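Asker: Got a structure for you, written out below as structure tokens; questions coming shortly.
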């Protein structure tokens with residue numbers, strides 16, 4: 001998007017010697033999962049049943065079983 005002139009913000013970051021968000025994730029919150037670059041992105045839709053997509057359902061222990069779920073367009 002068009003964020004306008006951000007040069008003042010960049011000067012502030014430089015003067016405060018701010019670290020990058022990548023640095024934060026690697027040094028402060030290394031346990032946070034960061035997904036890599038995806039080759040593909042989008043929905044997997046059923047041809048047999050209308051409006052049913054492959055989805056993942058996260059449960060408390062971190063496992064994500066694959067389920068059929070109404071398509072919601074949130075790529076999840």
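The values are calculated or read from the model by the stated rules, or taken from the named source; none is laboratory data. Just so it is clear, the model here is predicted, and its values are computed rather than measured. All Cβ positions, glycine included, derive from the backbone under ideal geometry; neighbour counts span all protein chains shown.
Asker: Tell me, which residue of region 7-44 that is at pLDDT 90 or above, surrounded by 10 or more Cβ atoms within 10 Å (Cβ to Cβ) and part of a loop (DSSP other than H, G, I, E, B) is farthest from the chain's Cα centre (by Cα)?
Answerer: Top of the filtered list is 18.
Asker: Specify the residue that is modelled with the highest pLDDT; the eligible residues are those in region 62-76 that are surrounded by 10 or more Cβ atoms within 10 Å (Cβ to Cβ) and assigned to a loop (DSSP other than H, G, I, E, B). Walk me through how you get there before you give the answer.
Answerer: Going through region 62-76, the residues surrounded by 10 or more Cβ atoms within 10 Å (Cβ to Cβ) turn out to be 64, 66-72, 75-76.
Keeping just the survivors that are assigned to a loop (DSSP other than H, G, I, E, B) gives 64, 71-72, 75-76.
Working: 64: 75, 71: 88, 72: 84, 75: 63, 76: 56.
Checking each candidate, the answer is 71.
Asker: Cβ contacts < 9 Å: first residue over 27 Å from residue 35 (Cβ atoms), restricted to region 1-24; second residue part of a loop (DSSP other than H, G, I, E, B), any location; separation 6+ or different chain. Result?
Answerer: These pairs meet every condition: 12/18.
Asker: Identify all residues within region 45-61 that are more than 16 Å from the chain's Cα centre (by Cα) and surrounded by fewer than 11 Cβ atoms within 10 Å (Cβ to Cβ); write none if there are none.
Answerer: Within region 45-61, 47, 48, 49, 50, 51, 59, 60, 61 qualify.
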